[in-house]
1. For residues that are without any contact (Cβ under 8 Å) to a residue 40 or more places away in the chain and either more than 20 Å from THR341 (Cβ to Cβ) or of a type in the set (Val, Ile, Thr) (or both), tally how many sit in segment 254-284.
2. Being in contact (Cβ under 8 Å) with a residue 40 or more places away in the chain and in contact with a Lys or Arg (Cβ under 8 Å, 6 or more places away or on another chain) is the filter; apply it to segment 285-296 and report the residue that is surrounded by the fewest Cβ atoms within 10 Å (Cβ to Cβ).
3. I'd like the full set of residues that are over 19 Å from the mean Cα position of the chain (by Cα) and touching a residue at least 40 places away in the same chain (Cβ under 8 Å), limited to segment 331-345.
4. Scan the helices (runs of 4 or more DSSP H) fully inside segment 201-311 and keep the ones with 2 or more residues being over 22 Å from the mean Cα position of the chain (by Cα) and within 26 Å of ASP324 (Cα to Cα).
5. Name, by its number, the condition in (1) in contact (Cβ under 8 Å) with a residue 12 or more places away in the chain; (2) over 25 Å from GLY113 (Cβ atoms) that does not hold for ALA235.
6. Here are TYR109, TYR139: which of them is within 28 Å of ALA76 (Cα to Cα), among the hydroxyl-bearing types (Ser, Thr, Tyr) and either without any contact (Cβ under 8 Å) to a residue 12 or more places away in the chain or not in a strand (DSSP E or B) (or both)?
7. Pick from ARG46, ARG7: which is basic (Lys, Arg) and modelled with pLDDT under 90?
8. Which one of these does PRO25 not meet: (1) over 30 Å from LEU315 (Cα atoms); (2) touching a strand residue (DSSP E or B) at 6+ places or on another chain (Cβ under 8 Å); (3) part of a loop (DSSP other than H, G, I, E, B)?
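The values are calculated or read from the model by the stated rules, or taken from the named source; none is laboratory data. Keep in mind that what you see is a predicted model, and the values were worked out from it rather than measured. Note that each Cβ is placed from the backbone with ideal geometry, even for glycine, and that neighbours are counted across all protein chains shown.
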Amino acid sequence: MRTPIPRAALRPALQELSPDIGSRPDVPIYLDWNESRWPLPESLTRKMTEAVTSVDPRPYPDRSYPAVREALGRLAGWDPEGIAFGNGGDDMLALIGVAATGPGRTGIYPSPGFSMYPWAIRRAGARPAPVPLGEDLAYDVDGLIARIGEEQPSLVFLTSPHNPTGQQLPLDEIRRIAEAAPGFLLVDEAYHEFSEFTARPLLDEFGNVILLRTFSKAMALAGGRLGYLLGAPEAILSIRRAQPPFPVGIYTCRAGAAAMNERAALFELTARIVAERDSLRKRLADIPGIRVWPSQTNFLLFHTPADSTVLARRLLARGVALRDFSRHPMLAGTLRVTVGTPEENEVFLGALRDSLAAPILPEELAGVGAAASPVA
């Protein structure tokens, strides 16, 4: 018989963590996790296949990963020594949390926002300090700067463009936040390719600014798990000390290199997704009672005239998975939809119209208010 687990040895704070994970429903159309729903360019599929099948998996990778670091440097226009990368953007959030926060320290993040920010802060043993968005879910920059002055955080998270609203903060406003931050400012640019905007110029001005990017969105490799940080080389060197020696596998490296070599084809795909996003936003806004926020990403946040949790369930029953954000009081009545292919979006819009047409029954309201998609 197995002895009891040593519960007292586990950090109590870890039992409170609620990372944004969970099993996915078995439906034909997933428009809930902001992955690329579009087929990969044939040239990229071919080159990734060739790159991966030629790998010798027996030796460990070179611990410095010079080829990947140099390729990322060319992609971002940045010194390879100022780059850290790992197992997706979430891994990078965990890394910066451990490197820049800890017991007795504070991390600030926008709320509502990406739930992995407070997760990374709590995981490191620091105190999370959410700062509410302002009117119409826009960033309240003055309020954020005032809170930075009060808390003196060692780390500030900022999403650009914001998730889940899709709205973009101007560069001068990000600069103001960087000037106010006594510690690091992590600018999460997971969706920057869709906005044609980047805070990259700030890296030349500020030693405390770190950019986070990922291959999971516009680079269409969410399953490959590759994310990276850009920052001052001396800062990145210190941050990398908190990483294990082999943060990614050779297969991920080869797939990522193939994607970087086919960046032109992926740019064309990104442009098609942006055009489809703008078209989908117009068609959504034409549905009576629907209000859609402007977006510079590959998703749209919209407010529904009926209970959003009930609508999400109805859509799921019709084979379409969306994200229900009704748990957060500032997002009550909202859903977020990833921009799918034109065919998927047609199915989604038809399912949404059908779901809105039927009156809500009392039994459908059971469990409303306990959405499965946490936001901070």
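1. Residues that pass the stated criteria total 1.
2. Looking at the filtered set, the residue picked out is PRO294.
3. Filtering segment 331-345 for residues over 19 Å from the mean Cα position of the chain (by Cα) gives 332-333, 341-345.
Listed by number, the residues that qualify are THR341, PRO342, GLU344, ASN345.
4. Numbers: elements: 233-240, 250-261, 263-285.
Qualifying helices (runs of 4 or more DSSP H): 263-285.
5. (2)
6. Values: TYR109 fails: either without any contact (Cβ under 8 Å) to a residue 12 or more places away in the chain or not in a strand (DSSP E or B) (or both).
Within the list TYR109, TYR139, the selection yields TYR139.
7. On the way: ARG46 fails: modelled with pLDDT under 90.
Residue meeting the stated conditions: ARG7.
8. Looking at each condition in turn, PRO25 falls short on (1).
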